[in-house]
Amino acid sequence: MHRFLVSAAHKSSGKTTLSIGLAAALRARGLAVQPFKKGPDYIDPLWLSRAAGRGCRNLDFFLSPHDEIRAQFAHGHDADVCLVEGNKGLYDGLALDGGNSNAALARLLDLPVILVIDARGMTRGIAPLILGYQAFERDIRIAGVILNRLGGRRHESKLRAVIEHYTDVPVLGAVQEDAQLALVERHLGLMPANEAAQAETLIAGIAERVARQVDLDRLLAITATDIALPAPPAPAPCAEPPLRLAIAQDAAFGFYYTDDLEALVQGGAELVPFDTLKDARLPDCDALFIGGGFPESFLDELAANAPMRASIRAAVAGGLPTYAECGGLMYLTRSIAWGDKTRPMVGVIDGEIVMHPKPVGRGYVILQPTADHPWAQRPASTEFSAGIHAHEFHYSELRGLPADTRFAYKVERGHGIDGRNDGIVRHNMLASYTHLRATAGCDWPRRFIQFARACRASAASREPQPCSP
């Protein structure tokens, strides 16, 4: 087995592109590659999942205690390669002591670090950079460097000579500046792989260039380990009858965590995908889940599909148990305005979305559920956390809500809808800006499925009772 963490000296060094290329190039060799991503992120994992052919898993110190992170990492037990992509720089993080940094993750999981260095404009100065990163935390093993965005073969030879002379760190690769290595970007960062029509072609091109310019054999040699990962325990089978959960999976909505979807299935849900852009109506279902995405990029298409909007509006108004996050919340409002364009949306939420050029809510959040939460997950009182730990990332604002709007959460950290509240509750719907994650203290998939089962049972018995798990 081979395990390593890909990090960088600073963000925007090209480590995501190189991680995608490494995953795809190693997969092309016939190796089973399990990708991981540090921190809360949907876009990089979508690309890594495509490249590796296996669902990427997120590892997050804010959302999970150490034991849970180790258990999540154990999902790579049957892979030949476990590739972890870091976020930002190797030593960057929220904590002054570096307790939630990429280096801390490497230490926790005993991973060698492959350091990506954006070498534009650098020559001899690359040596003190590498030496400083080695010396800063001496128990972190920088197993090799990949030089990125080089200015040509002469530039490469100078850097190799400097690194060989002053350090003991091997150069595993030297990747030249190449426009073909750039992933498509737009207003909120990389375009998600579920939107990019040419995703497979892009990944194949990146993999070919990375395989040509990175010594994959040497990479595998220095990251090999004889220590096997323990297989995670098999989940107990669900004894309840299956529940059909319609889930929006298309170009507009594609932000879902692999382990959340698994938890929904383990809880007894049959996931029934549908397309908000092309399908005329919801599939036959017992509950509805609309995750995050970029509906603002598909305003015309979403607005044009009036039958789907009407189908969702009628279903939610009729009591269909519904959960929506961020982009899903935006879609359920009356309208979305971006620049000089305003388009109608589903209309279940009595408010309008307005896009802004800068983030309105960005980062980690801590929530406390209110009495109005329809399937309240009471926060666990543990040493790890108090309150529901989650995250948000939105450039939009929700305006015009009625004064009597009911909210599922009080926001202790973060912004949510108005800086104080998040999670709009109407009928059997909960829609929030917050992205939940099925981790310690937040078993939301099980609670939502229990709620949906209770609603189905109530409807079947025709008893006028509240839907509660």
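What follows draws every value from the coordinates through simple rules; no lab data is involved. Predicted model only: the values in this text are computed from it and were never measured. Every residue, glycine as well, gets a Cβ built from its backbone with ideal geometry; the counts of neighbours run over all protein chains shown.
Numbers at a glance
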| item | result |
| --- | --- |
| Long-range amide H partners of Y256 with built H, under 5 Å | none |
| Volume of the Cα convex hull of the range 2-222, divided per residue and given in Å³ | 120 |
| Cα long-axis angle, helix 126-136 against the chain (0 to 90 degrees, to the nearest 10) | 60 |
| Under Karplus coefficients 6.51, -1.76 and 1.60, residue-wise ³J(HN,Hα) of the range 138-148 in Hz, glycine/proline x | 6, 7, 8, 9, 7, 7, x, 10, 10, 7, 10 |
| Under the Karplus curve 6.51 cos²θ - 1.76 cosθ + 1.60, θ = phi - 60°, whole-Hz ³J(HN,Hα) for the range 271-284, x wherever Gly or Pro sits | 6, 10, x, 9, 10, 5, 8, 10, 6, 7, 7, 5, x, 4 |
| Sorted peptide list for 26-35, 79-88, criterion being average Cβ within 10 angstrom, highest first | 79-88, 26-35 |
| For T434, residues with placed amide H under 5 Å, excluding near neighbours | C326, G423 |
| Among 280-288, 331-339, the order from most to least packed when residues are scored by Cβ within 10 Å on average | 331-339, 280-288 |
| Farthest toward positive dipole pole in the range 243-461 [+1 Lys/Arg, -1 Asp/Glu at C-beta], among A306, W375, V272 | W375 |
| Highest average packing first - 424-430, 172-178, Cβ atoms within 10 Å | 424-430, 172-178 |
| C-alpha long axis of helix 444-461 to longest principal axis of the chain, angle in ° | 20 |
| Environment charge of G416, counting only residues whose C-beta is closer than 15 Å and scoring Lys/Arg +1, Asp/Glu -1 | -1 |
| Between 0 and 90°, nearest 10: helix 43-52 axis offset from the chain longest Cα axis | 60 |
| Dipole magnitude of the range 1-91 about its Cα centre (Cβ charges: Lys, Arg +1; Asp, Glu -1), debye to nearest 20 | 280 |
| At 0.692 mPa s and 37 °C, Stokes D of the chain from Kirkwood alpha-carbon radius, µm² per second | 140 |
| Shape box of the range 318-429 [Cα atoms, principal axes, largest first, Å] | 49, 36, 22 |
| Proximal aspartates and glutamates relative to K278, as straight alpha-carbon distance under 15 Å, when same-chain residues fewer than 8 apart are discounted | E195, D250, D300, E301 |
| Nearby lysines by direct alpha-carbon distance to K38 (threshold 26 angstrom, same-chain neighbours under 8 apart not counted) | K11, K15, K88, K358 |
| Environment charge of P235, counting only residues whose C-beta is closer than 14 Å and scoring Lys/Arg +1, Asp/Glu -1 | -4 |
| Using θ = phi - 60° and Karplus 6.51 cos²θ - 1.76 cosθ + 1.60, couplings along the range 238-248 (whole Hz; Gly, Pro as x) | 7, 8, 6, x, x, 10, 7, 10, 6, 10, 6 |
| Under-5 Å amide H pairs with G387, H placed in peptide plane, nonlocal only | A380 |
